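> Have a look at this one before I ask anything.
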Amino acid sequence: MSTASNLEKVLKGGNFAVTSECGPPRGADAEVVKKKGSLLAGYVDAVNVTDNQTSVVRMSSFSASLILKTMGLDPVMQMVCRDRNRIAIQSDVLGASALGINNILCLSGDHQKFGDHPTAKNVFDIDSMQLIQCIRQMVDDGKFLSGEEIKGKPALFVGCAENPFADPFEIRAMRLAKKVKAGAQFVQTQCIFNVEKFGKWMEMVRDLGVHEKVYILAGITPMKSVGMAKYMKNSVPGMDVPDDLIKRMQDTPKEKQAEEGIRICLETIEKVRAIKGVSGIHIMAIEWEQRVPEIVKSAGLYPRPQP
């Protein structure tokens, strides 16, 4: 019986992948996760489950991933290095695989000062690059970081994140190359609004031959309003929102801005699909999961393949 995840099968089968995201609730209500999952079911190949994003306490990624798994969805369990040492990390990796959670996204994690417990003690025992290496060692070699043998090695499809727009821009492709060398098998990028700059990043990625070694999923975020567009431009580090896009949203009547945001989103999908080396899209519809089916259908990406 294959332990490959649905996402791994879709990508290795040469299909253009579609993933989305589920932010766990700030409480113990499983129905919140189930409701989001039901909106995405059948329209995406896998669902990312964030791990206390922005350093704010939420239901664990592990638990929310399991809830989605029981619904028949393919979870991508995000794991940050901020909150766990290498013992806890390796323990959670074994637990996730044992329960059939077969995708993992390796992240450093936002610093705790940005969250709701700014005086909390962080861990950062290892960083995201080392986390990738650690998990691949467990999966491929069947060994813990200590070098000791694992009795029943985990089966995981290992991913990472990358921001093509952060400064200095010149090193962003090389940074991805390092993560791929560490063992990343797929990458999901930061939200893309500046498609031209993303295209230049992809050119550098191709020059290094990295696109042939990793599956690249382009990050897509539909904007609800001009206020959201301005916030992302001015207040979210490493985000690149062009002025002409802001103007386009601003010139749209308030009651029609959400629809304009969806139109821009669909245009972005069409453009990134045409870029050589892009293997899929990752739709981050922040608390707007109900629009994901419409986006997937309108982009001509439905029905999803059954690998």
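The values are calculated or read from the model by the stated rules, or taken from the named source; none is laboratory data. Keep in mind that this is a model prediction, so the values were computed, not measured. Here the Cβ positions follow ideal geometry from the backbone for every residue, glycine too, while neighbour counts run over all protein chains shown.
> What is the one condition in (1) crowded, with 18+ Cβ neighbours inside 10 Å; (2) outside any helix (DSSP H, G or I); (3) free of Cβ contacts under 8 Å to residues at least 60 places away in the same chain; (4) not β-branched (V, I, T) that L131 does not satisfy?
With respect to (1) crowded, with 18+ Cβ neighbours inside 10 Å; (2) outside any helix (DSSP H, G or I); (3) free of Cβ contacts under 8 Å to residues at least 60 places away in the same chain; (4) not β-branched (V, I, T), L131 is out only on (2).
> Looking at segment 167-182, I want the residues that are small (G, A, S) and have a partner that is surrounded by fewer than 16 Cβ atoms within 10 Å (Cβ to Cβ) with Cβ atoms under 7 Å, at least 6 apart or on another chain. Which pairs are those?
Final answer for the pair search is A173/L208; A177/L208.
> Considering only segment 248-271, I want to know if a residue exists there that is within 22 Å of E170 (Cα to Cα), among the hydrophobic types (A, V, I, L, M, F, W, C) and within 20 Å of the chain's Cα centre (by Cα). Even if it seems obvious, please write down each step before you answer.
Filtering segment 248-271 down to residues within 22 Å of E170 (Cα to Cα) leaves none.
The answer is no; no qualifying residue exists.
> Here's something else I'd like to know. Among the residues of segment 34-53, are any touching a strand residue (DSSP E or B) at 6+ places or on another chain (Cβ under 7 Å), assigned to a loop (DSSP other than H, G, I, E, B) and among the small types (G, A, S)?
Checking segment 34-53: not a single residue is touching a strand residue (DSSP E or B) at 6+ places or on another chain (Cβ under 7 Å), assigned to a loop (DSSP other than H, G, I, E, B) and among the small types (G, A, S).
So that you can scan it fast, the table gives a plain yes or no per residue for (1) buried (at least 18 other Cβ atoms within 10 Å of the Cβ); (2) modelled with pLDDT of 95 or more:
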residue: T3; (1), (2): no, no
residue: L11; (1), (2): yes, yes
residue: N15; (1), (2): no, yes
residue: C22; (1), (2): yes, yes
residue: A28; (1), (2): no, yes
residue: V49; (1), (2): yes, yes
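> Kindly evaluate R175 against the criterion of being modelled with pLDDT of 95 or more, among the basic types (K, R) and under 14 Å from L107 (Cα atoms).
Numbers: modelled with pLDDT of 95 or more: yes; among the basic types (K, R): yes; under 14 Å from L107 (Cα atoms): yes.
Taking the combined requirement at face value, the residue satisfies it.
> Here are some conditions: (1) over 20 Å from L7 (Cα atoms); (2) surrounded by fewer than 19 Cβ atoms within 10 Å (Cβ to Cβ). L94 meets all but one. Which one does it not meet?
(1)
> Report yes if I283 is in contact with a strand residue (DSSP E or B) (Cβ under 8 Å, 6 or more places away or on another chain), surrounded by 18 or more Cβ atoms within 10 Å (Cβ to Cβ) and closer than 17 Å to A161 by Cα, otherwise no.
When the stated conditions are applied, I283 passes them.
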